[in-house]
Amino acid sequence: MRGIHLNKLEFFGYHGWHTEEGLAGANFSVDVSVFFDEEKAIQELKDSINYVAVFDILKKNMSQPVKLLETLAEQNCAAIRSIDERIKTINIKITKLNPPILNFIGTVSVSLSKSY
């Protein structure tokens, strides 16, 4: 099994359960790994998974507000899987860099691993 990895991608979005999150927005970080079957040597882009296509999906989905990061992770996995049937596993982690939690210093994340 082979994999491509996009790490520490940063996006601004309006995701969150609370009304304020939908109004103010927040910064997010995304890490995604896409594992696929390819037996032959990779000599051309078509032999691999195009990480630009994966990035474009993430960029689009991260710009469309959703209430829960879990939903966003599911949507991203489904959209990434649709680009190539050789994809067998997708691991994604979405981190809210500055969550609006009183007296909280740190980040919060959700992760999802989907196998096909």
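Laboratory data are not the source of any read-out in this text; all were calculated from the coordinates shown. Predicted, not measured: the structure shown is a model, and the values here were computed from it. All Cβ positions, even for glycine, are placed from backbone atoms using ideal geometry, and neighbour counts span all protein chains on display.
Across region 4-33, the number of residues qualifying as surrounded by fewer than 16 Cβ atoms within 10 Å (Cβ to Cβ), on the phi > 0 side of the Ramachandran plot and assigned to a loop (DSSP other than H, G, I, E, B) comes to 1.
Residue-wise test of (1) over 16 Å from VAL32 (Cβ atoms); (2) part of a helix (DSSP H, G or I).
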residue: LYS60; (1), (2): no, yes
residue: LYS67; (1), (2): yes, no
residue: LEU72; (1), (2): no, yes
residue: ILE90; (1), (2): no, no
residue: LYS93; (1), (2): no, no
residue: ILE101; (1), (2): yes, no
residue: GLY106; (1), (2): yes, no
residue: SER109; (1), (2): no, no
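All conditions in (1) touching a residue at least 24 places away in the same chain (Cβ under 8 Å); (2) surrounded by fewer than 15 Cβ atoms within 10 Å (Cβ to Cβ) hold for ILE80, with the sole exception of (2). Of the residues contained in region 37-53, one or more are found to be under 21 Å from MET1 (Cβ atoms) and in contact with a Gly (Cβ under 9 Å, 6 or more places away or on another chain). A search for C-beta distances below 6 Å between a residue of region 14-31 that is in contact (Cβ under 8 Å) with a residue 12 or more places away in the chain and any residue that is surrounded by fewer than 16 Cβ atoms within 10 Å (Cβ to Cβ) and assigned to a strand (DSSP E or B), counting only pairs 6+ apart in sequence or on different chains, returns GLY25/PHE12; ASN27/PHE12; SER29/LYS8; SER29/GLU10; ASP31/ASN7. Taken over region 34-56, the criterion of being assigned to a helix (DSSP H, G or I) and surrounded by fewer than 19 Cβ atoms within 10 Å (Cβ to Cβ) is satisfied by LEU45, LYS46, ASP47, TYR51, VAL52, ALA53, PHE55, ASP56. Against the conditions (1) over 25 Å from GLY3 (Cβ atoms); (2) touching a Leu at 6+ places or on another chain (Cβ under 8 Å), THR107 satisfies every one except (1).
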